[in-house]
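> Input: one structure, supplied below.
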Amino acid sequence: MTKTKVMLELPDGMIEMGKELKLKCKSLKDIPPHKSRQWRGGEDNKLLCYDGVTIDSQKYKEEIKSSTAYELTVEKVSESDLQCPYACRIGFDIDQKFLNVNEENFIHMPNRNATNFIYERQNGTFRLSFELQKVYPKPVCMVISNGASKNLTVTDEVKSRVLLNVTYGLESDEPLHKCWEPITIECLIGKRTHTITTEHTSVCQTSQPNEETGTLTSGVAICLAFVMILLMLILSAIYIWKRSMTSCGDIYVKVRRNDIGL
């Protein structure tokens, strides 16, 4: 078996969007000056660099590292730079490899906390739905409610070249919130935790009275009961007083009549 004279080395660390990506090309022997150097790759597998001259000096830069190795730097990595082949050539010798991204070498957090967020109550059921955009790998999300966690279900998933737009949903007979406190959602993206907090005061106002309101209602009811009892006691006292006054009047009249008769 003939041994390859040129070897392409892909990055072995974590790849991050917006950062640089380095590809290294190595030769078993010193590279003669008269032999050309080429780089190909990217989304369209096009020529990127020829003998140090790149198609875009802001995007690609070649550097000779030694007599047997040279390196191509891809600036500000975008999605189109990933999940595609790359090749380096020295003269007629070439090595090509596929830059495959996975959970071990690539992570991208969502641009924003959440989009299309919905939290509502319909026919006694609490419904939660939201979307995470441009994320990788696919997050595992849960909502934290009253100290307990409930897993969210993926209801829709759209993939571009690498990144994902994922929609989550959950329906519950119990509220997923505490009144006047934001809803807390935790998503595990690779080995990182992404926390989302969202306000929901409109749902709280229309669906569930809080503890303070319940306490206030109970207090008002007790006060009303006390006032009613007090009013009944006052009316009873007035009635008894009037009866007493009537009895005293009758006795007085009888005494006067007896005095006159005598």
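> With 15 Å as the cut-off, how large is the P(r) tail for region 6-99, expressed as percent of Cα-Cα pairs?
56 percent
> Could you give the dipole magnitude of region 138-177 about its Cα centre, charging the beta-carbon of Lys and Arg +1 and that of Asp and Glu -1, in debye to the nearest 20?
340 debye
> Kindly state, to the nearest 0.05, the FRET efficiency for H34 paired with N102, given R0 = 30 Å and r defined as their beta-carbon distance. Write down the numbers at each step before the final one.
Numbers: r = 40 Å, r/R0 = 1.33.
Efficiency, rounded to the nearest 0.05: 0.15.
> Shifting gears a bit: Over region 6-99, what is the relative contact order in whole percent, taking alpha-carbon pairs under 8 Å and six or more residues apart?
On the way: 204 pairs, mean separation 33.3, N = 94.
Normalised by residue count, the contact order of region 6-99 is 35 percent.
> Taking the Cα centre of region 6-99 as the origin and placing charges on Cβ (Lys, Arg +1; Asp, Glu -1), which of C25, S67, Y86 is farthest toward the positive end of the dipole?
Checking the options against the dipole of region 6-99, the answer is S67.
> Continuing with the same structure: Alpha carbon centre of region 63-137 versus region 139-174: separation in Å?
Their Cα centres are 21 Å away from one another.
> Another question about this same structure. Quick one: which of 179-186, 167-174 comes out on top by average Cβ neighbours within 10 Å, and what's the full order, highest first? Write down the numbers at each step before the final one.
Details: 179-186: 17.0, 167-174: 15.1.
The packing order, highest mean first, is 179-186, 167-174.
> Mind checking the dipole of region 6-99: about its Cα centre, +1 per Lys or Arg Cβ, -1 per Asp or Glu Cβ, Debye to the nearest 20?
Working: 15 positive and 17 negative charges, 60 e Å.
In debye, rounded to 20, region 6-99 gives about 280.
> Residue separation times 0.36 nm, minus the C-alpha to C-alpha distance between S80 and K5: what's the value?
On the way: separation 75, 0.36 × 75 = 27.00 nm, distance 2.91 nm.
Stretched out fully, the S80 to K5 stretch lengthens by 24.1 nm.
> May I pose another question? Where nothing but the Cβ of Lys and Arg (+1) and of Asp and Glu (-1) is charged, how large is the charge dipole of region 115-207 around its Cα centre, in debye to the nearest 20?
Numbers: 10 positive and 10 negative charges, 98 e Å.
Dipole size: approximately 480 debye.
> Can you tell me which of 131-142, 102-113, 21-32 comes out highest on packing, and rank the rest after it, using the mean Cβ neighbours within 10 Å? Kindly include the intermediate steps, with their values, before the conclusion.
Details: 131-142: 19.2, 102-113: 15.1, 21-32: 16.6.
Most protected by this proxy first, the peptides run 131-142, 21-32, 102-113.
FYI, it's all coordinate maths here, none of it is from the lab. Computed from a predicted structure; not experimentally measured. FYI the Cβ positions are ideal-geometry reconstructions off the backbone, even for glycines, and counts take in every protein chain you see.
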